[in-house]
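The values are calculated or read from the model by the stated rules, or taken from the named source; none is laboratory data. Since the model is a prediction, treat every value here as computed from it, not as a measurement. No Cβ is skipped: glycine too gets one built from the backbone with ideal geometry, and neighbour counts run over all protein chains shown.
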Amino acid sequence: MSDSVTKYYESLGYSTNHTNENKDDKVVEDVKRIYDKRSKEGIDKYGTTLYDSPDGFYKFLNHLQEELMDATLYIEKLKKLK
């Protein structure tokens, strides 16, 4: 890392000592595996990758809106389980 970049990261409170550089974060690795599995299921179901999907801007906005609406329902359900 250049000296100016190192100083910038240190000013933000980040360590520039990369002794853990080769360590994997189990949580991150678990999420990556879930994403890989979900991607394969989506390709099998829809016959295309998300990258190659022909859906347009508004179609993706509608998908996102529906997913967020579902998320609020799941949150409400979990709140009631307390």
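Values for this structure:
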read-out: Members of region 70-80 found to be among the aliphatic types (A, V, I, L, M) and either at pLDDT below 95 or under 18 Å from the mean Cα position of the chain (by Cα) (or both), listed by number; value: Ala71
read-out: Selection status of Tyr58, modelled with pLDDT of 80 or more, surrounded by 10 or more Cβ atoms within 10 Å (Cβ to Cβ) and of a type in the set (Phe, Trp, Tyr); value: no
